[in-house]
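Take a look at the structure set out below.
What follows draws every value from the coordinates through simple rules; no lab data is involved. All values reported here derive from a predicted model rather than from experimental measurement. Quick reminder, even Gly has a Cβ in these numbers, built from the backbone with ideal geometry, and neighbours come from all protein chains shown.
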Ligand code: 5GP
């Protein structure tokens, strides 16, 4: 009991309890993650969400912007960052490397933002090990046939790449049991999907934070418990 009201410790925990939620969104290429996230940012009036910009060694696609979609790095620079401990996680995916820069994520969490990591399953599982409180959401089209249709109609990739992505998607969908939530992103219902994602994050924040006990909460509760 003595230890519980140690001021230094109380302040530290108080600060931690204000930090934001790490939100992992995974799903096969073509699941509509990008559109759903745009809708999610539109929904969040208080700007409580921040997007973690990943680093990658793949080349820039048409319409993508350096520092907005990704930090496009050479392999050499990418591996330098890993060696310096600057990546929270990284993975090789479809012949390229992708990784989550550590510092911005930790900073945004400290400032109380919910930080979105749009990452594939291996990275997601690694992050969850480091941040057990992270909420993991898997986004998928209703069927494999629909995924295939979406990949072909978006026409940004060569057939060989589409085949590679479809093969990867089969492996990815088999990992859904590692996730906290599965959200089906129906065609033309991206707004509704974003709303669902927002509800899940809010619910997760409430269930994990509201009822969780820490030193400050214990002190506050015991004060009011014995004084009323
Ligand atoms: P794309 O090349 O289509 O932008 O991304 C390919 C895959 O890499 C997607 O599943 C995307 O979510 C994932 N990805 C993007 N950034 C990261 C990252 O920082 N870490 C991991 N593990 N996966 C990432």
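Just checking, which of 19, 31 is near the ligand (Cβ under 9 Å from one of its atoms), in a loop (DSSP other than H, G, I, E, B) and closer than 28 Å to residue 196 by Cα?
31
Which residue, of 103, 76, 92, is within 15 Å of residue 123 (Cβ to Cβ) and exposed (fewer than 13 other Cβ atoms within 10 Å of the Cβ)? It would help to see each step written out before you state the result.
Values: 103 fails: within 15 Å of residue 123 (Cβ to Cβ); 76 fails: within 15 Å of residue 123 (Cβ to Cβ).
Just a single option satisfies the conditions, and that option is 92.
Yes/no matrix, rows are residues, columns are (1) more than 29 Å from residue 46 (Cβ to Cβ); (2) within 18 Å of the chain's Cα centre (by Cα); (3) away from the ligand (no atom under 16 Å from the Cβ):
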position: 162; (1), (2), (3): yes, no, no
position: 174; (1), (2), (3): yes, no, no
position: 180; (1), (2), (3): no, yes, yes
position: 185; (1), (2), (3): no, yes, no
position: 188; (1), (2), (3): no, no, yes
position: 198; (1), (2), (3): no, yes, yes
position: 227; (1), (2), (3): yes, no, yes
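Output the residues belonging to region 115-156 that are within 14 Å of residue 20 (Cα to Cα) and surrounded by 22 or more Cβ atoms within 10 Å (Cβ to Cβ). Reasoning before the result, please.
Quick first cut of region 115-156, residues within 14 Å of residue 20 (Cα to Cα) only: 115-117, 131-135.
Answer for region 115-156, where residues must be within 14 Å of residue 20 (Cα to Cα) and surrounded by 22 or more Cβ atoms within 10 Å (Cβ to Cβ): 115, 116, 117, 135.
Which ones in region 192-216 are free of Cβ contacts under 8 Å to residues at least 40 places away in the same chain, part of a helix (DSSP H, G or I) and out of contact with any strand residue (DSSP E or B) (no Cβ under 8 Å at 6 or more places or on another chain)?
Within region 192-216, 192, 199, 202, 203, 206, 207, 210 meet the criteria.
Give me a count of the residues in region 42-58 that are assigned to a loop (DSSP other than H, G, I, E, B) and more than 10 Å from the ligand (Cβ to nearest atom). Step through it out loud before you land on a result.
Let us first name the residues in region 42-58 that are assigned to a loop (DSSP other than H, G, I, E, B), namely 44-48, 52-53, 57-58.
Within this subset, residues satisfying the condition of being more than 10 Å from the ligand (Cβ to nearest atom) are 44-48, 57.
Residues meeting the conditions: 6.
Does residue 39 satisfy the criteria of being within 8 Å of the ligand (Cβ to nearest atom) and surrounded by 17 or more Cβ atoms within 10 Å (Cβ to Cβ)? Full working, then the answer.
Details: within 8 Å of the ligand (Cβ to nearest atom): no; surrounded by 17 or more Cβ atoms within 10 Å (Cβ to Cβ): yes.
Considered against the rule, which asks whether it is within 8 Å of the ligand (Cβ to nearest atom) and surrounded by 17 or more Cβ atoms within 10 Å (Cβ to Cβ), residue 39 comes out as no.
Residues being surrounded by 13 or more Cβ atoms within 10 Å (Cβ to Cβ) and either free of Cβ contacts under 8 Å to residues at least 12 places away in the same chain or in a helix (DSSP H, G or I) (or both): count how many of those fall in region 169-191.
Selection size over region 169-191: 8.
Can you give me the number of residues within region 138-161 that are in contact (Cβ under 8 Å) with a residue 12 or more places away in the chain and assigned to a helix (DSSP H, G or I)?
Selection size over region 138-161: 8.
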